[in-house]
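Novice: The structure follows.
The values are calculated or read from the model by the stated rules, or taken from the named source; none is laboratory data. Quick caveat, the model's predicted, so the values are computed rather than measured. FYI the Cβ positions are ideal-geometry reconstructions off the backbone, even for glycines, and counts take in every protein chain you see. These area figures cover heavy atoms from the full protein model, side chains too; ligands, DNA and RNA do not enter into them. Shrake-Rupley method; radii C 1.70, N 1.55, O 1.52, S 1.80 Å.
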Amino acid sequence: MAHTGQSFDAIVIGAGFSGMYMLKSLRDRLGLAVRVYEAGGTVGGTWYWNRYPGARCDSDSYIYCFTFDKQLLQDWEWSERYPEQPEILRYLEHVAKRHDLKRDMQFDTRVTGGEFDEKTNRWTVRTDRGDEATAQHLIAAVGSLSDTNMPPFKGLDRFKGKWYHTSRFPQSGVDFTGKRVGVVGTGATAVQAIPEIAQQAKQLVVFQRTANYCVPARNGKVDPELVRARKADYDGVVKRIRESFFGQEHYFIPKSVLATTPEEREREFDRMWDAGGFAFWLANYQDMFFDKKANDLCADYIQRKIRSTVKDKVVAEKLIPKGHAYGTKRQPLDTNYYETFNKDNVLLVDAATDGRIDEITEKGIRAGGKEYPLDIIVFATGFDAMTGPLKALNLKGRGGRTLDEQWVNGPRSYLGVAVAGFPNFFTITGPQSPSVLSNMPVSIEQHVEWITDCIESMRRTGKSTIEPTSQAQDAWVAHVNEVVNATLIPTANSWYMSANIAGKPRAFLPYLGPEGVGGYRRKCDEVAAKGYEGFVLA
Ligand code: NAP
């Protein structure tokens, strides 16, 4: 039943990690009346939607969790190094129950619009269920990667088989047994899904537009001794990841790779490769992200690994990235990805050598003029990242301005947590915050706690609105771009650079601070300590 005329202190959009903790924080710490609207059928956010085979988190499980609940850190046992999608969902359900979150959440409800009323200083929010409610504070906890990118392939409506997007996979799963399956895309999602689908399918055709540098995840059971040691030192773990660069226990080697001997760097590369996970990406030589010559040495190591793993030399060459520097796109972690291309039932169709996808036909996919017959197509084509889910909320700030209008040349925010002209509106892990360049729960908890402190301070000091000044926002946008422009990241056509969506203005979406998430946290705390410097409180 639709509710109209309801009024809350705060409305939170989304019930993933961020919306769950935001509710907990505002309700149980500040005693506010909060309503959470969630489009999915239960909590989970990205873990509710991304149910494709092989879906698991690429951060180690011991740090991919809430740290506010110290007892739960001790009690919860993750089954593997990287938690699998169903296990994360179970964990989040457990948290929801443990903290009685669902009573303030409304599921199967998508926010379709909202506007700020300059007379009452409140937001009105509407949903696809016909609800209309008002609140002083509006918090977007919509996730960075939740707006599906389904490219408009010609002919898709003609396809007689079944097709799915990885981020909207059916709850009941998909049986690939005995089927001819096409996977479109070779990003982090496809790299997880392809080896799993290849095990079931009769034939798998992978349509690659851009090859990626993949490194082994090395998933498995974690040594019980290590689990015990981490639990005994969780305060230390939490302190370290909060102060770290990427919200992980990874630290760059404080040396130029160009200053090493071939033997020394080979030893280090082997060590990182054997460690698996993000070590090769985030704990490599410090100049890897800055200097193309340094980067080439790291890339060369992976290229040699691809050549030694993939038996067919032509296929190996197709799998070697040609046009971008290593690490400038999100690092996919793989379990038998390159090995999968040694299987007889797996075919790689590379846009550069075999031709781009021309169209979807009744029977399958035509690429480079050749038709590949398929029973099922899986689109692993990613997301309209970071700005997409926020724009989709159709919010109107002061003077009826929309985020579409504000962000016509790319995102503009202050600290990635607020937008000028949108009073009392906060974005958890919003554009131009570390977000996707960090272990997400670390950044989520930081934003939730900062927003809660901010609202608490407003109530204590009797303020009814807060919003960034356009000067503070301009300075932040300039800083975000200046820092990233000193790296190799803008040289790649990545979704970090908004380059995956035709027509999306090219702009760097997250924030890569010179001192990482630790430095960013200090900056946010400093802003608060100076009476919310850069914001207007009225
Ligand atoms: P993605 O990285 O954007 O990859 C999409 C793939 O589809 C790319 O290979 C892209 O090619 C291809 N593609 C897009 N449009 C196409 C078109 N019109 N024709 C042909 N190919 C097309 O998306 P994703 O793999 O879903 O990953 C997105 C992000 O989600 C990751 O980077 C990561 O941050 C997150 N993720 C996290 C986890 C985890 O930790 N559990 C797992 C998976 C994903 P181009 O490269 O040429 O654009």
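Novice: Report Rg (one decimal) and Dmax (nearest whole number) for the stretch 65-200, counting Cα atoms only, units Å.
Specialist: Rg, Dmax (Cα atoms, Å): 20.3, 62.
Novice: Same structure again: Testing the spin-label approximation: label points 7 Å from Cα along Cα→Cβ at H3 and R168. State their distance in nm.
Specialist: Each label point is offset 7 Å from its Cα along the Cβ direction, giving 2.8 nm.
Novice: Also, quick follow-up: Using a 1.4 angstrom probe, figure out how much accessible area the stretch 186-286 has per residue, in square angstrom, rounded to the nearest whole.
Specialist: Values: 4530 Å² over 101 residues.
Value returned for the stretch 186-286: 45 Å² of accessible area per residue.
Novice: Quick check on packing: order 501-509, 28-36, 55-63 by the mean number of other C-beta atoms within 10 Å, highest mean leading.
Specialist: Details: 501-509: 16.1, 28-36: 17.8, 55-63: 21.7.
Peptide ranking by packing, descending: 55-63, 28-36, 501-509.
Novice: Can you tell me the length gained on complete extension of the stretch E339 to D28, counting 0.36 nm per residue apart and subtracting the Cα distance? Write out the running numbers ahead of the final one.
Specialist: Working: separation 311, 0.36 × 311 = 111.96 nm, distance 4.94 nm.
Stretched out fully, the E339 to D28 stretch lengthens by 107.0 nm.
Novice: Then there's this: Around Q203, which amide H atoms from residues at least 5 apart in sequence, or from another chain, sit under 5 Å from its own amide H, with H modelled in the peptide plane?
Specialist: Those lying under 5 Å, H to H, from Q203 are K179, R180, V181.
Novice: OK, next. Can you give me the Rg/Rh ratio for the stretch 390-538, using Cα atoms for both radii and the Kirkwood formula for Rh? If you can, show how the numbers build up before the last one.
Specialist: Working: Rg = 15.1 Å, Rh = 15.8 Å.
The Rg/Rh ratio comes out at 0.96.
Novice: Using the basic label-point model (7 angstrom from Cα toward the beta carbon), what is the E482 to L537 distance in nanometres?
Specialist: Calculated label separation equals 2.7 nm.
Novice: Just to be sure I understand the model, the point goes 7 Å from the Cα along the line to the Cβ. What's the resulting D474 to R110 distance in nm?
Specialist: Label-label distance for D474 and R110, simple model: 3.7 nm.
Novice: OK, next. Considering Cα pairs under 8 angstrom that are at least six residues apart, work out the relative contact order of the stretch 1-136 and quote it in whole percent. Each step should come with its number before you reach the end.
Specialist: Details: 217 pairs, mean separation 45.1, N = 136.
Rounded, it is 33 percent for the stretch 1-136.
Novice: List the lysines whose Cα lies under 18 Å from the Cα of K363, skipping any in the same chain that are fewer than 8 positions away.
Specialist: By straight Cα distance, K363 reaches K154, K160, K162, K179, K202.
Novice: A follow-up question, please. Only Cα pairs under 8 Å and at least 6 apart count here; give the relative contact order of the stretch 297-390 as a rounded whole percent.
Specialist: Details: 68 pairs, mean separation 14.5, N = 94.
Worked out over the stretch 297-390, it gives 15 percent.
Novice: Averaged per residue, what accessible surface does the stretch 382-538 expose to a 1.4 Å probe, in Å²?
Specialist: Values: 5390 Å² over 157 residues.
Per-residue value: 34 Å².
Novice: Leaving out ligands, DNA and RNA, and with a 1.4 Å probe, what % of the accessible surface on the stretch 381-538 is carbon or sulfur? Don't jump to the answer; show the numbers that get you there.
Specialist: On the way: 2720 of 5420 Å².
With neighbouring chains kept in place, the figure for the stretch 381-538 is 50 percent.
Novice: Something else now. Taking the mean number of other Cβ atoms within 10 Å as a proxy for protection, how do you rank 464-474, 112-122, 225-235, 370-380 from highest to lowest? Before the final figure, lay out each step's value.
Specialist: Working: 464-474: 17.5, 112-122: 15.7, 225-235: 12.4, 370-380: 20.4.
Going by the mean number of other Cβ atoms within 10 Å, highest first, we get 370-380, 464-474, 112-122, 225-235.
Novice: Which loop GluC sites (Glu not before Pro) in the stretch 447-538, with loop taken from DSSP, have no more than 10 other Cβ atoms within 10 angstrom of their Cβ?
Specialist: Working: sites: E449, E456, E482, E515, E526, E533; in loops: E515, E533.
Taking the stretch 447-538 and a limit of 10 other Cβ atoms within 10 Å, no loop GluC sites (Glu not before Pro) are found.
Novice: Something else about it: Hey, can you grab everything whose amide H is under 5 Å from the amide H of H165? Only 5+ residues off in sequence or another chain; H modelled, so Pro and N-termini drop out.
Specialist: Residues meeting the amide H criterion: F379.
Novice: Here's a follow-up. Which shape class, rounded, prolate or oblate, goes with the chain when its Cα gyration tensor gives a ≥ b ≥ c as root eigenvalues, a/c under 1.5 marks rounded, and past that a/b bigger than b/c marks prolate?
Specialist: Numbers: a/c = 1.62, a/b = 1.36, b/c = 1.20.
Because a/c hits 1.5 or more and a/b exceeds b/c, the chain counts as prolate.
Novice: Another question about this same structure. Using a 1.4 Å probe on the protein heavy atoms, what percent of the accessible area of the stretch 10-152 belongs to carbon and sulfur?
Specialist: Values: 2340 of 5060 Å².
So the carbon and sulfur contribution to the accessible surface is 46 percent.
Novice: Can you tell me the FRET efficiency between K119 and N409 if r is taken as the Cβ-Cβ distance and R0 is 22 Å, rounded to the nearest 0.05?
Specialist: Values: r = 31 Å, r/R0 = 1.41.
About 0.10, to the nearest 0.05.
Novice: Nearest 20 debye, what's the magnitude of the dipole of the chain about its Cα centre given +1 on Lys and Arg Cβ and -1 on Asp and Glu Cβ? Present the calculation step by step, with values, prior to reporting the outcome.
Specialist: On the way: 69 positive and 67 negative charges, 150 e Å.
Using Cβ point charges on Lys, Arg, Asp and Glu, the chain gives about 720 debye.
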